[in-house]
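Chemist: Shown below is the structure under consideration.
Readers should treat all values here as calculations from the given coordinates under stated rules, not as data from a laboratory. Source: prediction; values computed, not measured. In this analysis, Cβ positions are derived from the backbone assuming ideal geometry, glycine residues included, and neighbour counts consider all displayed protein chains.
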Amino acid sequence: MSEAAPWYLLHDSSFEADRAADWVEAFALRATPWVDREEIPADATVLLWLGDEQIRELADLALDRKWVIALLAHPEARQACTALGVKGDPRQLIEHYRQVDPIEGDALTCNGELVFSSVVVGSVLSLHPYDINRPQSDWSLLRSALSGLGKLTLNSYKLTTAKEQVINMGVLGLVGVAPTQSSLVGRRFDESLNIPDGRATLLVIAPRSVLAYLWFLLRLLLPGKISLSRLPESLALIRSERLLLESPEGFDYLLDGRPSRSSSELALTVLPERFRLLPGPALTPRERGHGSGGKETVRLNHVPLDGTASVLKNQHLPMFNHASEEEYRDLFIALRDNARPSSSFQVLMVLSVMLALAGLYADSAPVIIGAMILAPLMAPIMSFSMGLTRSEINLLRGAVKTLAVGIAWGLGCAVLLAWLMPFDLPTEEMRARMSPTLLDLFIAVISGVAGAYAHSREEIAKSLAGVAIAVALVPPLSVAGIGIGWGDWQMARGALLLLTTNLVGISLAASLSFLVLGFAPFSRARKGLAVSVGLAAMISIPLYVAFDHLVERARLEERVPEGAVQLLDQDVHVSHVRVTLGEPPLVAVVVSSPERLENAHVDELKRLIREQVQQDIQLEAQLNIRR
């Protein structure tokens, strides 16, 4: 830019010529009042001392005459100054402008009006226009978002792109972003959001639930910028040369934070490379992106469309997500098929039980794990859970029938093998399934959540083997059958309690998970969930008693002295401590000594243990001579 060409200072009535005389004269500026703006020639460099509204009004004239525009920090030009990174006193700004080259800037218009920062449609409580002099804090963002949490409502909009692609969607709000500096670009998103490329950018905020909205809000507050290639689920991105937003019911929108306006349609249009600008000192000019060449970007993520949008329309956002019809249809078909006792299900059931029985008798954990992977019981349990969630009687009947067939095969095979095998002493693997506690219910609940989530997400269905291992349904079923075959009713009762714990825990957790994932409204799931919670409460009573006993045994075992112990005049080694609760509790230990131990030594050991546990005990000591 030739310095010989005069620079113009276009100002409004608030300009104080006397106070500005020194720098106007120093830079040889031609001060021109607002009323004489038509006298400024084409291709001139024009400094603006104007408010936002006058700058908007001037936009068409500046474009027609191809002026090079530079802003001064007018107190009523907050949006324009933010857009171009303008701050500081006039003298410093002019010195800066003398040293920079003009840039070609895209101009975003909303219904024909120039947009400096953003156009906000709907209840976008967490994204407001940015003030470079008063940046929004995380606390103010969170407070404004939470204040309207109970009023969140999705509205229906029709969006038409420049290529006539029509999108009917239900959204909470939309933000049209100008290709300038703003809080959206500078603080929340990566810099590719505002690289000028001749396309208008529209961010769509469309959470399907209050929980999804809170998660989106948390993502905004977390450190690090949001990448446009990995948008949060509640956020969509649309880019096109022109975007037309329509709603027959009308909507309110904010243009650069000005008072709300109402309209039934809103047109966002980009005027590529139309503005010639001198960037302010706080603006980092970015390389221009390759021209879009008519290309459009439409990343809808999980935005409710068409039928799903109509279901959520004009209703308060639910606490939990609503699954789309496509998601529910595909999952329901799969679960309906799983609720049938097919021949393949029965074959796999018999094979898994036989493998589990072999592992239990051989006391082999790896073999038992193989049986867990092979077992098909998780499938009908998930069907049963969905039946509870949606109160689908046919699905419940099919799932119960399939579970009954599977349990019958398991008990039958286990009883038969118990009669044939010449063993009647339980192994360690069998004993491990005879005393369930609240920990087992906790494991079942976590497994139920994992199972429901894995079934609802096709891409992670391969992890179901891990869920089956965590739950371990077949081993307790096999131990129960062995107990029945041996006539050991305490063994059978403990194993059946563990099996029931797993079934109830999985069903309850999976039903709640399907509810949270949006596969049924709470009003429909209420009855089934009440049944599950009631059963869980009933089985929690014996589990709590068993857990209390487990804690008590652990407490006593921790207090029994182990390792090197001196009994009277002799050093011994105490190991393998095991406590059986009773009145009084029985403490079993193994005592090793290089010399023979007498009754006096055993009495001394009992006295030491009684002092440590602070209660009377029975002592069962196995005495070994070690040399």
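Chemist: Let me understand the stretch 48-112 better: what is its radius of gyration from the alpha carbons, and its Dmax, in angstrom?
Modeler: In Å, with Rg to one decimal and Dmax whole: 12.0, 36.
Chemist: Antiparallel as a % of all DSSP beta bridges within the stretch 481-627, to the nearest 5? Present the calculation step by step, with values, prior to reporting the outcome.
Modeler: Numbers: 11 of 19 bridges.
Of the beta bridges lying entirely in the stretch 481-627, close to 60 percent run antiparallel.
Chemist: Projecting each Cα onto the charge dipole of the stretch 325-549 (Lys/Arg +1, Asp/Glu -1 at the beta carbon, about the Cα centre), which of ALA472, ALA358, PRO341 comes out farthest on the positive side?
Modeler: The residue sitting farthest along the positive end of the dipole is PRO341.
Chemist: Moving on to the next point. Using θ = phi - 60° and the Karplus form 6.51 cos²θ - 1.76 cosθ + 1.60, what ³J(HN,Hα) does each residue of the stretch 618-624 get, whole Hz, x for Gly and Pro?
Modeler: Rounded to whole hertz, the list is 9, 10, 10, 10, 9, 9, 10.
Chemist: Straight-line reach from LYS401: which aspartates and glutamates have a Cα under 16 Å away, not including same-chain ones fewer than 8 places off?
Modeler: ASP337, GLU392
Chemist: Another question about this same structure. Under 18 Å from a label point 7 Å along Cα→Cβ of LEU271: give me every residue in the stretch 1-44 with its amide N that close.
Modeler: Counting backbone N atoms under 18 Å from the label point, the list is 37-44.
Chemist: Ordered by packing density, taken as the mean number of other Cβ atoms within 10 Å over each peptide's residues, highest first, how do 482-492, 530-540 rank?
Modeler: Values: 482-492: 18.2, 530-540: 15.3.
Per-residue Cβ counts within 10 Å, averaged per peptide and sorted highest first, yield 482-492, 530-540.
Chemist: Note down the magnitude of the dipole of the stretch 560-625 about its Cα centre, charges +1 on Lys and Arg C-beta and -1 on Asp and Glu C-beta and zero elsewhere, to the nearest 20 debye. Can you show the working numbers first?
Modeler: On the way: 5 positive and 11 negative charges, 35 e Å.
Value, rounded to 20: 160 debye.
Chemist: Set the Förster radius R0 to 22 Å, insert the Cβ-Cβ distance between SER264 and GLU233 as r into 1/(1 + (r/R0)^6), and round the FRET efficiency to 0.05.
Modeler: On the way: r = 29 Å, r/R0 = 1.33.
In this case the efficiency is close to 0.15.
Chemist: Based on the alpha-carbon gyration tensor of the stretch 560-625 and its eigenvalue square roots a ≥ b ≥ c, which shape applies: rounded if a/c is under 1.5, prolate if not and a/b is larger than b/c, or oblate? Write out the running numbers ahead of the final one.
Modeler: On the way: a/c = 1.93, a/b = 1.66, b/c = 1.17.
Judged from the Cα gyration tensor, the stretch 560-625 comes out prolate (a/c at least 1.5, a/b above b/c).
Chemist: Loop only per DSSP, at most 16 neighbouring Cβ atoms within 10 Å: give me the GluC sites (Glu not before Pro) in the stretch 214-264, ordered by residue number.
Modeler: Details: sites: GLU233, GLU241, GLU246, GLU249; in loops: GLU233, GLU241.
Of the GluC sites (Glu not before Pro), the ones in loops of the stretch 214-264 whose Cβ has at most 16 other Cβ atoms within 10 Å are GLU233.
Chemist: In nm, to one decimal, how far is the ASP43 label point from the ASP548 one, both placed 7 Å along Cα→Cβ?
Modeler: Modelled inter-label distance: 9.5 nm.
Chemist: For labels at LYS158 and ILE373 in the simple 7 Å Cα→Cβ model, what's the distance in nm?
Modeler: Roughly 5.6 nm, to one decimal.
Chemist: Could you give the length gained by full extension between SER435 and ASP330, i.e. 0.36 nm per residue of separation minus their alpha carbon distance, to one decimal place? If you can, show how the numbers build up before the last one.
Modeler: Numbers: separation 105, 0.36 × 105 = 37.80 nm, distance 3.94 nm.
Value of the extension gain: 33.9 nm.
Chemist: Would you mind checking the stretch 504-535 for residues with the amide N under 20 Å from a putative spin-label position 7 Å along Cα→C-beta of ASN394?
Modeler: 519-521, 524-525, 528
Chemist: Among rounded, prolate and oblate, which fits the stretch 325-549 when a ≥ b ≥ c are the square roots of the eigenvalues of its C-alpha gyration tensor, a/c under 1.5 means rounded, and a/b larger than b/c means prolate?
Modeler: On the way: a/c = 2.03, a/b = 1.54, b/c = 1.32.
Note, shape of the stretch 325-549 comes out prolate.
Chemist: Report the full-extension gain for the segment VAL516 to LYS225: residue separation times 0.36 nm, less the Cα-Cα distance, to one decimal in nm. It would help to have the intermediate numbers written out before the result.
Modeler: Values: separation 291, 0.36 × 291 = 104.76 nm, distance 2.82 nm.
Length difference between fully extended and current span is 101.9 nm.
Chemist: Please give the contour-minus-distance gain from ALA21 to VAL347: 0.36 nm per residue of separation, less the Cα-Cα distance, rounded to one decimal in nm. Walk me through the numbers before you get to the answer.
Modeler: Values: separation 326, 0.36 × 326 = 117.36 nm, distance 9.67 nm.
Length gained between ALA21 and VAL347: 107.7 nm.
Chemist: Need one number: % antiparallel among DSSP beta bridges in the stretch 560-625, to the nearest 5.
Modeler: Numbers: 11 of 19 bridges.
If we restrict to bridges inside the stretch 560-625, about 60 percent are antiparallel.
Chemist: Report the Stokes-Einstein translational diffusion coefficient (µm² s⁻¹, integer) for the stretch 7-101, Rh taken as the Kirkwood radius over Cα pairs, at 10 °C with viscosity 1.306 mPa s.
Modeler: Details: Rh = 13.4 Å.
Rounded to a whole number, D works out at 119 µm²/s.
Chemist: Going by the alpha-carbon gyration tensor, a ≥ b ≥ c the square roots of its eigenvalues, is the stretch 7-47 rounded (a/c under 1.5) or, if a/c is not under 1.5, prolate (a/b greater than b/c) versus oblate? Show your work: numbers first, answer last.
Modeler: Working: a/c = 3.04, a/b = 1.31, b/c = 2.32.
Oblate shape, in that a/c is at least 1.5 and b/c is the bigger or equal ratio.
Chemist: For the pair LEU586 and ILE625, what calculated FRET efficiency results from E = 1/(1 + (r/R0)^6), where r is the Cβ-Cβ distance and R0 = 22 Å, to the nearest 0.05?
Modeler: On the way: r = 24 Å, r/R0 = 1.09.
Result of the calculation: an efficiency of 0.40.
Chemist: Place the peptides 24-36, 50-62, 80-92 in order of packing, highest mean first, counting for every residue the other Cβ atoms within 10 Å and averaging per peptide.
Modeler: Working: 24-36: 14.2, 50-62: 18.3, 80-92: 20.7.
Going from most to least packed, we get 80-92, 50-62, 24-36.
Chemist: Using DSSP to define loop residues, name the chymotrypsin sites (Phe, Trp or Tyr not before Pro) in the stretch 338-421 whose beta-carbon has at most 15 other beta-carbon atoms within 10 Å. Walk me through the intermediate numbers first.
Modeler: On the way: sites: PHE345, TYR361, PHE384, TRP409, TRP419; in loops: none.
Counting only loop positions with at most 15 other Cβ atoms within 10 Å, none of the chymotrypsin sites (Phe, Trp or Tyr not before Pro) in the stretch 338-421 qualifies.
Chemist: Treating the beta-carbon of each Lys and Arg as +1 and of each Asp and Glu as -1, no other charges, what is the dipole magnitude of the stretch 1-70 about its Cα centre, to the nearest 20 debye?
Modeler: On the way: 6 positive and 15 negative charges, 39 e Å.
Using Cβ point charges on Lys, Arg, Asp and Glu, the stretch 1-70 gives about 180 debye.
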